[in-house]
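This report refers to the structure that appears directly beneath it.
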Amino acid sequence: MSGVPWLSILVLIPLLGGVLVALLPRGFAKVREVALGVSLLTLVAGVVTALQFQAGGSQQFQLTETYTWIPQFGVSYAVGVDGIALAMILLGVVLVPICLLAAWDDVATGSGRRQHGYFALMLVLEALMIGVFAATDVFLFYVFFEAMLIPVYFLIGSFGGPGRAKAATTFLIYSLFGGLIMLVAVIAVYLQGPGGADGFLVERLTGLEFGTWVERLLFLGFFIAFAIKAPMWPVHTWLPHAASEARPATSVLLVGVLDKVGTFGMIRFCLQLFPDASRWAAPAVMALAVLSILIGAALAIGQRDMMRLIAYTSISHFGFIVLGIFAVTTVSTTGSTLYMVNHGFTTAALFLIAAMFIARRGSRDIMDFGGWQRVTPVIAGSLLVAGLSGLALPGLNSFVSEFMVIIGTYQRYPVYAVVGAFGVILAALYILLWYQKVATGPKPEDYASTPDMTRREKAVVAPLIAAFLFLGFYPKPALDMLEPAVGTTLQYVGVSDPAPSADAAEGSEG
């Protein structure tokens, strides 16, 4: 089965499925079922693809495919995965069917072709997400990077809340601005490389000799685009509005998967293609990461809108991810890649459970709640578990990755690690205060007969909680897949882990 183009199949299944859903007859009553079936087929194909992957292989990329696309410009259709890319693809193919199930009633069946368009856009977005993580040609990566904007723009602008037009436009402007800067850098790095029909391949652009300032400018061209996508402070302001106006399922894919393209790009392109510039920029980037951790958490504490609160918590969590990436130690960067996966599951649970409360109360304002653990105990209990995952409680998924980021960062940059660790305290505040205001207190009599979590909603939440527990108690399979890819990247950067200090060595001997 080694000759099977698994990655292309993974892209084509949801892409063709999206076209099929869009073309279904207007009166077709099983649009949602068809879309869910396509996403489950993609999930099965993703698992089969993962089984072909050999962790720790000698080549950086496996399951590779390379075909000439535009030889005059050096562009190839080239895909392949390392452990990091595969982990992100698996995250996406797991979350999409969960999101489709959660979005079951987002668009009414008798609404013309709106339901067709909504579910078709979700499947097309899945195809583009797989493509962007699998691309090993820099120009192809850029094409997928920009193409993702189209379905997200329409998912927000056509199906979102009252402020959807402004939210979609702001998202588009920020993303296009970053993308255009990156396009200039993509072309410039190609001109610095060997050229030829496959001149945009990552392997051909790795290890190039740049002038000092040329490399730094190219690094900044990529980094700015990825910082906007991530999002990092101070270019984060598009996210809270987009996440709060989008449908919850769209917010999950936007924050849980798409925004990881930013941190994934920092590893794949900033560190690997521009190692000297990455080391030069590391202190400033880590300072921005720490600010993202603290400012995002502080803003989350002050939020009354549930969806905006979750968006601000994500800005804080992305700060931890970037901090670990640019600390460039094996522990910190591996922790960051695991954090990318864990954050996807945690954020998905928070958005979708918050949506269950909002659907029953008719309000996103936290102060309109209180005592809901007495009304909907299963939903309230699920929120508590998801919140404990978000604050990195030991035994749940986020603890391992957050601990690795802080410890790994401390090995090289102790001050950044100590200051960033205050984000853990702030996380406990915004999660526990949110739960206290929503769930505790006297039973609200006006909503005493409100139904608790339905079977469909339980099917949405159960796999997410299972992921919390599995990755919390047994993260080894994920770490075994991620660590070799991180080690390869750090070799390109030209750094090794700091040696233990003399004090630590004496302590271990004693």
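The values are calculated or read from the model by the stated rules, or taken from the named source; none is laboratory data. In this text the structure is predicted, and so the values were computed from the model without any measurement. Don't worry about glycine lacking a Cβ; one is built from the backbone with ideal geometry, like all the others, and counts go over all protein chains shown.
Among the residues of the range 274-289, is there at least one that is assigned to a helix (DSSP H, G or I), among the charged types (D, E, K, R) and surrounded by fewer than 23 Cβ atoms within 10 Å (Cβ to Cβ)? Show your work before the answer.
Going residue by residue through the range 274-289, those that are assigned to a helix (DSSP H, G or I) are 275-289.
Narrowing the set further to residues that are among the charged types (D, E, K, R) leaves 276, 279.
Going one step further and asking which of them are surrounded by fewer than 23 Cβ atoms within 10 Å (Cβ to Cβ), we end up with 276, 279.
So far as the range 274-289 goes, yes, one or more of its residues are assigned to a helix (DSSP H, G or I), among the charged types (D, E, K, R) and surrounded by fewer than 23 Cβ atoms within 10 Å (Cβ to Cβ).
Condition check: in a loop (DSSP other than H, G, I, E, B), over 16 Å from SER314 (Cβ atoms) and of a type in the set (Phe, Trp, Tyr). Does PHE210 satisfy that?
So PHE210 passes the test.
Quick check: is even one residue across the range 460-467 outside any loop (DSSP other than H, G, I, E, B), without any contact (Cβ under 8 Å) to a residue 60 or more places away in the chain and among the hydrophobic types (A, V, I, L, M, F, W, C)?
Step one: of the range 460-467, the residues outside any loop (DSSP other than H, G, I, E, B) are 460-467.
From what is left, the residues that are without any contact (Cβ under 8 Å) to a residue 60 or more places away in the chain are 462, 466.
From what's left, among the hydrophobic types (A, V, I, L, M, F, W, C): 462, 466.
Checking the range 460-467: at least one residue is outside any loop (DSSP other than H, G, I, E, B), without any contact (Cβ under 8 Å) to a residue 60 or more places away in the chain and among the hydrophobic types (A, V, I, L, M, F, W, C).
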Practice item. For the range 2-19, indicate whether the set of residues that are more than 22 Å from the chain's Cα centre (by Cα), within 30 Å of LEU183 (Cβ to Cβ) and not in a helix (DSSP H, G or I) is non-empty. Key: yes
Check your understanding: Here are some residues: VAL48, VAL44, VAL21. Which one is over 30 Å from ILE187 (Cβ atoms), buried (at least 19 other Cβ atoms within 10 Å of the Cβ) and either hydrophobic (A, V, I, L, M, F, W, C) or touching a Lys or Arg at 6+ places or on another chain (Cβ under 7 Å) (or both)?
Key -> VAL21
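Keeping to the range 403-460, report how many residues are under 30 Å from THR329 (Cα atoms) and charged (D, E, K, R).
1
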Revision key, fill the gap. By residue number, the members of the range 32-82 that are under 21 Å from LEU20 (Cβ atoms) and charged (D, E, K, R) are ARG32, GLU33
Review point. Among the residues of the range 386-398, is there at least one that is of a type in the set (Gly, Ala, Ser), over 23 Å from LEU433 (Cβ atoms) and crowded, with 24+ Cβ neighbours inside 10 Å?
Key: no
Review point. Yes or no: THR109 among the hydroxyl-bearing types (Ser, Thr, Tyr), more than 30 Å from GLN192 (Cβ to Cβ) and either surrounded by fewer than 22 Cβ atoms within 10 Å (Cβ to Cβ) or modelled with pLDDT under 95 (or both)?
Key: yes
Review point. From the list ALA197, ALA168, which one is touching a Gly at 6+ places or on another chain (Cβ under 9 Å) and buried (at least 22 other Cβ atoms within 10 Å of the Cβ)?
Key: ALA168
